[in-house]
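Participant: First the structure, which I've put down as structure tokens, then a few questions once you've had a look.
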Amino acid sequence: QVQLVESGGGLVQAGGSLRLSCAASGGTFSSYRMGWFRQAPGKEREFVAVISWSGGSTRYADSVKGRFTISRDNAKNTVYLQMNSLKPEDTAVYYCAADVTIWGTFERGIDYWGQGTQVTVSS
């Protein structure tokens, strides 16, 4: 079983930055498609970003393009989400996700979820 553990969440002022980390164990991380989702109060969980197994391809939700950057370090079995120019609307629980079986779009093929980490952006 693959386990994903997020860290790096917290409280930050609007315009500030945070970097989330997701450490994976129990599988072949380097072959997984990894990404992030978030869920704000009263809203459905939404896709944020995804990165290919090699890190050579990324995709972002329109709401975070130009502000967030996803990256991975396969040697450390870790994926990151660098969040800059944070806005109050970015406030949410952020979840790390792994697609072990690479088929179709990332959003439709999530096999494992992290426990989530809270990000709160104050105005």
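Participant: I'd like to verify a number: residues in segment 112-121 that are open to solvent by less than 50 Å² (accessible area, probe 1.4 Å) and either of a type outside the set (S, T, N, Q) or over 20 Å from Glu6 (Cα atoms) (or both), how many?
Facilitator: 4
Participant: Just checking, does segment 87-101 include any residue being closer than 15 Å to Arg45 by Cβ, part of a loop (DSSP other than H, G, I, E, B) and touching a strand residue (DSSP E or B) at 6+ places or on another chain (Cβ under 7 Å)?
Facilitator: Yes: one or more hits.
Participant: Could you list all residues from segment 22-55 that are without any contact (Cβ under 8 Å) to a residue 60 or more places away in the chain, assigned to a strand (DSSP E or B) and crowded, with 16+ Cβ neighbours inside 10 Å?
Facilitator: The answer is Ala23, Val48, Ala49, Val50, Ile51.
Participant: Here's a follow-up. Which of the residues spanning segment 64-81 are open to solvent by 60 Å² or more (accessible area, probe 1.4 Å) and not in a helix (DSSP H, G or I)?
Facilitator: Our first condition is that a residue be open to solvent by 60 Å² or more (accessible area, probe 1.4 Å); within segment 64-81, this holds for 65-66, 69, 75-76.
If the condition is that a residue be open to solvent by 60 Å² or more (accessible area, probe 1.4 Å) and not in a helix (DSSP H, G or I), then Lys65, Gly66, Thr69 are the ones that fit.
Participant: Being within 15 Å of the chain's Cα centre (by Cα) and crowded, with 21+ Cβ neighbours inside 10 Å is the requirement here; does Ala92 meet it?
Facilitator: Details: within 15 Å of the chain's Cα centre (by Cα): yes; crowded, with 21+ Cβ neighbours inside 10 Å: yes.
In short, yes.
Participant: Gly109 versus (1) small (Gly, Ala, Ser); (2) surrounded by fewer than 21 Cβ atoms within 10 Å (Cβ to Cβ); (3) modelled with pLDDT of 95 or more: which is the lone unmet condition?
Facilitator: Unmet condition: (3).
Participant: Evaluate the following for Ser85: is it in contact with a Pro (Cβ under 9 Å, 6 or more places away or on another chain), open to solvent by 50 Å² or more (accessible area, probe 1.4 Å) and not hydrophobic (A, V, I, L, M, F, W, C)? Show your work before the answer.
Facilitator: Values: in contact with a Pro (Cβ under 9 Å, 6 or more places away or on another chain): no; open to solvent by 50 Å² or more (accessible area, probe 1.4 Å): yes; not hydrophobic (A, V, I, L, M, F, W, C): yes.
No, not satisfied.
Participant: Okay, moving on. Taking the stated definitions as given, is Val100 under 18 Å from Gly26 (Cα atoms), open to solvent by less than 70 Å² (accessible area, probe 1.4 Å), modelled with pLDDT of 95 or more and not basic (Lys, Arg)?
Facilitator: No: the conditions fail for Val100.
The values are calculated or read from the model by the stated rules, or taken from the named source; none is laboratory data. Just so it is clear, the structure is predicted and the values come from calculations on it, not from any experiment. Neighbour counts run over all protein chains shown; Cβ positions are idealised from the backbone, glycine included. All accessible areas refer to the heavy atoms of the entire protein, side chains included, with ligands and DNA or RNA removed. Shrake-Rupley method; radii C 1.70, N 1.55, O 1.52, S 1.80 Å.
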